[in-house]
Structures are given as structure tokens and as C-alpha cells.
Amino acid sequence: MNNPIKVAIIDDHKIVLQGLRSLLIAEEQIEIIGVYQCPDEFLKNEIPLQIDVLLLDVNLGAKSGITLAKHLGIHYNHVKIIMLTALEDQATIEGAIQAGALGYITKETEKEELLQAICEAYAGRRFFSKKISRIVFDGYAQSVQEKQETLLSDRELEVLTYLSEGLKHKEMADLMCVSVKTVETHKANLQKKLNLYTTADLVKYALRNKIVEL
């Protein structure tokens with residue numbers, strides 16, 4: 001890398017700023033432009049125009065890092081933002097991504113991972129620390145599951161439950177006060193919506209997603 005990556009850091013805790021500065025200042029590929037305890041300090045003197053990457057805390061006391069990220073996205077969209085925070089909840093992560101952050105890492109991250117995040121963001125690529133990646137994936141999986149379940153009608157969920165209990169089509173029809181053909185139609189709709197075409201796979205889906213329990 002010919003030119004160092006110009007980095008600024010915003011965190012409302014002075015000790016965190018000092019620690020991050022000490023951690024990064026010896027790195028040849030990094031140039032620390034400044035460290036700031038509040039967004040107003042950072043925005044003074046057009047500091048955003050001087051940097052490539054910003055390490056930004058989510059919670060800045062009375063200010064919000066996510067609000068600042070949105071502001072930078074409008075007025076200084078060349079700045080690549082990495083949220084560096086202790087907050088690990090799904091809603092905050094999603095809010096940061098929607099605000100334009102390319103990276104999201106926790107304050108307990110190792111130096112190597114921090115450097116990797118800076119380099120990836122500088123190149124315009126997303127980066128999440130391992131812990132955050134798991135949270136993001138779990139949240140995505142949960143949303144997919146919820147979307148699938150909302151697509152299923154009450155009758156389809158009822159058939160799925162009965163299938164998991166090992167009932168035959170005729171037994172289901174009697175319990176539901178419908179014809180066997182109607183039960184078969186509900187099952188076919190289930191298979192199509194979930195892209196699962198055997199009874200065993202439907203039962204596994206129901207158990208895995210806690211629609212039924214053993």
C-alpha cells in the first residue's frame with residue numbers, strides 16, 4: 001500500500017480513544033488524523049474531508065453515532081464508517097448498516113481483526129467481527145423463518161403439526177372436519193411454500209423451528 005489509510009476515531013470515552021490511538025499509531029499502513037470525543041469536534045474544520053475511514057462508537061452520550069453516520073452518508077459519502085462499540089443487539093446492528101456503516105466490530109476485538117476491518121472498509125467491502133457475524137446471521141435466519149411462518153395459513157400449520165405427530169391423512173381430515181383431499185391440498189401447499197417435498201423434511205422443519213416440540 002503506497003499511501004497510508006487516513007483514519008479518525010470518535011468515542012466519548014477518553015481512555016478508549018487513547019487505547020485505540022496507541023494501538024494503531026505504530027502501523028505503517030495507518031495514519032491517525034485525529035481522535036474526538038464528540039461529533040461536533042470531528043465536524044469542525046472539515047475533518048471528514050481529510051480521512052478515508054472513521055471508527056465510530058454508536059453511543060456518544062447525548063449524541064448518536066448512527067445519526068452521525070447518516071449525516072456523513074449525505075455530506076461526506078467518501079468516508080468509510082466502521083462502528084466500534086460495546087453494543088451487540090440486532091436492532092442496533094441493523095440501524096448502523098442502514099445508516100451506511102460498512103463495518104461493525106466490538107470493542108473486545110483483537111488488533112488483527114481491527115486492522116482487517118479498516119483495510120476491508122477502505123476497499124469498500126463490508127466487514128463484521130466474528131461475534132457480530134453470528135448475530136447478523138442469526139437475525140437473518142430468524143427473519144426468514146418468521147417470513148415463512150407468516151406465509152403459512154392456520155390450516156397449513158395445523159396439518160404440519162399433525163404430520164409431526166405421525167397422523168395419517170384420514171385422521172387429520174376427521175380432526176379438522178374436512179375431506180382427505182383438502183388435507184392433501186394443504187400438505188401440497190406446505191411443500192411448495194417451504195420447498196420441502198417429503199414428510200420427513202416437513203417434520204424436521206417443524207421441530208427445528210419449534211412449531212412443534214418433542
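The values are calculated or read from the model by the stated rules, or taken from the named source; none is laboratory data. Just so it is clear, the structure is predicted and the values come from calculations on it, not from any experiment. A quick note on method: Cβ atoms are made from the backbone with ideal geometry, for glycine too, and the neighbour counts reach across all protein chains shown.
Selection of segment 16-39 for residues being over 17 Å from Ile118 (Cβ atoms) and over 28 Å from the mean Cα position of the chain (by Cα) yields only Gln18. Based on this model, can you work out whether Ile82 counts as closer than 18 Å to Leu24 by Cα and at pLDDT 90 or above? Criteria met by Ile82. In this structure, is Ile74 at pLDDT 90 or above, assigned by TED's automatic domain parsing to the domain that holds Ile25, surrounded by fewer than 13 Cβ atoms within 10 Å (Cβ to Cβ) and of a type in the set (Val, Ile, Thr)? Yes; evaluated as a whole, the condition is true for this residue. Somewhere in segment 179-195, is a residue part of a helix (DSSP H, G or I), modelled with pLDDT of 85 or more, among the small types (Gly, Ala, Ser) and surrounded by 15 or more Cβ atoms within 10 Å (Cβ to Cβ)? Scanning segment 179-195 turns up no residue that is part of a helix (DSSP H, G or I), modelled with pLDDT of 85 or more, among the small types (Gly, Ala, Ser) and surrounded by 15 or more Cβ atoms within 10 Å (Cβ to Cβ).
Among all residues of segment 110-126, there is none that is outside any helix (DSSP H, G or I) and β-branched (Val, Ile, Thr). Of all residues in segment 173-214 being hydroxyl-bearing (Ser, Thr, Tyr) and more than 14 Å from Leu152 (Cα to Cα), which is farthest from the chain's Cα centre (by Cα)? For segment 173-214, the residue satisfying everything is Ser179.
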